[in-house]
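The structure appears right after this line, and notes come after that.
Every number here is computed from the coordinates shown, using simple stated rules; none is lab data. Just so you know, these numbers come straight off a predicted model, no measurement behind them. Don't worry about glycine lacking a Cβ; one is built from the backbone with ideal geometry, like all the others, and counts go over all protein chains shown.
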Amino acid sequence: MVRHGALPKPHVYEMLRSSEPRVRRAAFILLEAGNPKLRKNGALYFEVLRFIWDATSNYDICQEFMKRHR
């Protein structure tokens, strides 16, 4: 289960769909803070990536998130 802080899931989806890079980065930070074991747990990483894909279905945004975790 992906945790996304106190914000409702639809609001986080809207943040991820935003055309503003700052808003998307804020959503990434929120997901990273809500899921602190993200860097150590591969299954959780792919679950968060799937959450982002469900929100946007945009390869560029998923790639932006993956670059943050190289």
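What is the order of LYS9, LYS37, fewest Cβ neighbours within 10 Å to most?
Fewest-to-most ranking of LYS9, LYS37: LYS37, LYS9.
List ARG39, ARG22, ARG70 from most exposed to least, where exposure is judged by having the fewest other Cβ atoms within 10 Å.
The order, fewest Cβ neighbours first, is ARG70, ARG22, ARG39.
With the calculation restricted to Cα positions, what are the radius of gyration and Dmax of the chain in angstrom?
Radius of gyration, then largest Cα-Cα span, for the chain: 10.8, 30 Å.
Quickly estimate the mean residue ellipticity at 222 nm for the chain, helices only: each DSSP H run with n ≥ 4 gives -39500 (n - 2.57), and the total goes over all residues, rounded to 500.
-21500 deg cm²/dmol
Residue by residue, what Karplus-based ³J(HN,Hα) values in Hz, rounded to whole numbers, does the range 60-67 have, using 6.51, -1.76 and 1.60 with θ = phi - 60° and x for Gly and Pro?
4, 6, 5, 5, 4, 5, 5, 5
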